[in-house]
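What follows is one structure encoded as structure tokens, with my remarks underneath.
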Amino acid sequence: MAAAAVLALLTVSALAGAAAGGDIVHHDDEAPKIPGCSNDFILVKVQSWVNGKEDGEFVGVGARFGPKIVSKEKHANRTKLTLADPMDCCSPPKHKVSGDVLLVQRGKCKFTKKAKFAEAAGASAIVIINHVHELYKMVCEKNETDLDINIPAVLLPKDPGSALHTLLTDGNAVSVQLYSPDRPVVDTAEVFLWLMAVGTVLGASYWSAWSAREAVIEQEKLLKDGHESLLNVEAGGSSGMVDINVASAIMFVVVASCFLIMLYKLMSYWFVELLVVIFCIGGVEGLQTCLVALLSRWFKPAAESFVKVPFLGAVSHLTLAVCPFCVAFAVLWAVFRQLPFAWIGQDILGIALIVTVIQIVRVPNLKVGSVLLSCAFLYDIFWVFISKRWFHESVMIVVARGDKTDEDGVPMLLKIPRMFDPWGGYSIIGFGDILLPGLLVAFALRYDFAAKKGFRSGYFLWAMVAYGSGLLITYVALNLMDGHGQPALLHLDRAWMEERGAAEPVGKGRTRESVHAYACTAAANDPKLTRGTAGSECMLPDPASTVSKNQQGCHCRDLSSFRQIY
């Protein structure tokens, strides 16, 4: 159950590829579409100039009615901004404006009525100041007719609209440019994020497999020295490792769903601060584990000498030396996380945490792995798509983007700024979209190492191909759906299952390698079997196995760690 809690905490934001800056095109099937009022809602940039000098740039939303706003900045005219009189434009303006952009207050009349009066006065466009800080969708009434409106309408939030109003009332000459640039089909951020995710899974898998092999080698050395008490210790059950079982895999969905709802309902500034603290604690542990493992090769004396620390027990000198740096790094990120380059620190802490979890939490067999990914598959689809039926919005996307806070989203994400996107924002991927498939990929490599399979003949290569291609398909789907967040596990789990299905079945749903591993496990527990002088477990040759023979018979060696692989 502890494993389920760890996975649930890290996968509440299992969303891949959503741009944190928001979608440019907003489709709304509920808002009425009638002739002359059928535009999609698009975000619009309002670039301002004050007394001939370039000033602030604001973001508004286009209306359902009127002509489409140009997408190229070079095609957008720089036009004088004029205050409406009356300010709400709910009656015909007192003066002609001859091609100016009219700035009006929200008022109490319909948006279409304002636009018609502005067009009749000669305005080239109308900019409406909302009475609240949010943006509304400017729609038409279902029974409206005569919607031949030929000027664009843009709604601005209260603050930027009031700023423009103040500039005009102070006697400044203000002009604006209205345009809605398209997002690039593929941004370099998505390429780097893909490389980052695949590289993290690759590195974590090799570390996990290497640690498992080192543990087996160490066990064999102890066995050769006559430590018979170690024969009853399960291979792969190294201290500090957590094996997931079927119950934990199922509980993952329950715990993660409850935690996600709690995030959605309680999402606020203080709650995000709490998540930041939790993330920093996990990031410090992950970064420290990775650095100690990396530096121990060059500083063996410090790594192998220990000191007793209250509440912590025996801690190596190398860990004590690295820990202050890790704590300082996490604290600096937490304090300055709003700065433009803070994403670098978040990604470093996140990758270190993911790698450490893949090293500690292990999938013992394909049965558990299949249940885990199947549950994650349903979890991701439900909270990204189906949750809209009950909550009227995608719970997963709202939580991942931090729509209800002033933050850029929960910190359990890897993100990279969209460098060539005129709208800015970030490309993001949830920890779960790396961690859950990573557990299965790491299992495949551990198995290949234990079975002494070659790179091409093993499962690891195809598992990595499945993960990389599944993530690539996710980004393709993201772009085809106009930037709407995608449940990455929808594509990743399917790719993994297709790769798994390529294994050759041999009776009762087991593969040849699984029969081999199962036979060796059975051999290790059979009291009738003889034991060689080297302490290796032996059995009679099995026609389904491919192990090499020695003088004592069939040598199972390190395959005993893989139990009943279905």
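What do you reckon, is LYS45 buried (at least 17 other Cβ atoms within 10 Å of the Cβ), assigned to a helix (DSSP H, G or I) and at pLDDT 90 or above?
So LYS45 does not fit the description; no.
Taking the criterion of being acidic (Asp, Glu) and assigned by TED's automatic domain parsing to the domain that holds MET138, would at least one residue in the stretch 72-80 satisfy it?
yes
Could you check the stretch 328-377 and list, in sequence order, the residues that are small (Gly, Ala, Ser), buried (at least 23 other Cβ atoms within 10 Å of the Cβ) and farther than 19 Å from ALA463 by Cα?
Residues satisfying the conditions are ALA330, GLY350, ALA352.
Taking the stretch 54-68, which residues are among the aliphatic types (A, V, I, L, M) and either assigned to a loop (DSSP other than H, G, I, E, B) or at pLDDT below 90 (or both)?
ALA63, the sole residue that qualifies.
Of all residues in the stretch 116-145, which are within 21 Å of ILE34 (Cα to Cα), surrounded by fewer than 19 Cβ atoms within 10 Å (Cβ to Cβ) and of a type in the set (A, V, I, L, M)?
Those that are within 21 Å of ILE34 (Cα to Cα), surrounded by fewer than 19 Cβ atoms within 10 Å (Cβ to Cβ) and of a type in the set (A, V, I, L, M): none in the stretch 116-145.
Residue-wise test of (1) without any contact (Cβ under 8 Å) to a residue 60 or more places away in the chain; (2) of a type outside the set (Asp, Glu).
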residue	(1), (2)
PRO92	yes, yes
ALA120	yes, yes
ASP148	no, no
LEU167	no, yes
VAL174	no, yes
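Out of all the residues in the stretch 153-169, which are part of a loop (DSSP other than H, G, I, E, B) and either modelled with pLDDT of 95 or more or aromatic (Phe, Trp, Tyr) (or both)?
Within the stretch 153-169, none qualify.
Looking at the stretch 294-324, which of the residues that are buried (at least 17 other Cβ atoms within 10 Å of the Cβ) and in a helix (DSSP H, G or I) is farthest from the chain's Cα centre (by Cα)?
The qualifying residue farthest from the chain's Cα centre (by Cα) is ALA302.
What are the residues in the stretch 32-42 that are in contact with a strand residue (DSSP E or B) (Cβ under 8 Å, 6 or more places away or on another chain) and assigned to a loop (DSSP other than H, G, I, E, B), if any?
ASN39, ASP40
Condition first: under 18 Å from LEU266 (Cα atoms) and either under 15 Å from the mean Cα position of the chain (by Cα) or small (Gly, Ala, Ser) (or both). Now tell me which residues in the stretch 380-397 satisfy that.
TRP383, SER387, SER394, VAL395, MET396, ILE397 - these are the residues of the stretch 380-397 that are under 18 Å from LEU266 (Cα atoms) and either under 15 Å from the mean Cα position of the chain (by Cα) or small (Gly, Ala, Ser) (or both).
Among the residues that make up the stretch 211-225, is at least one of them modelled with pLDDT under 85, closer than 30 Å to LEU440 by Cβ and under 22 Å from the mean Cα position of the chain (by Cα)?
Looking through the stretch 211-225, none of the residues is modelled with pLDDT under 85, closer than 30 Å to LEU440 by Cβ and under 22 Å from the mean Cα position of the chain (by Cα).
The values are calculated or read from the model by the stated rules, or taken from the named source; none is laboratory data. Since the model is a prediction, treat every value here as computed from it, not as a measurement. Neighbour counts run over all protein chains shown; Cβ positions are idealised from the backbone, glycine included.
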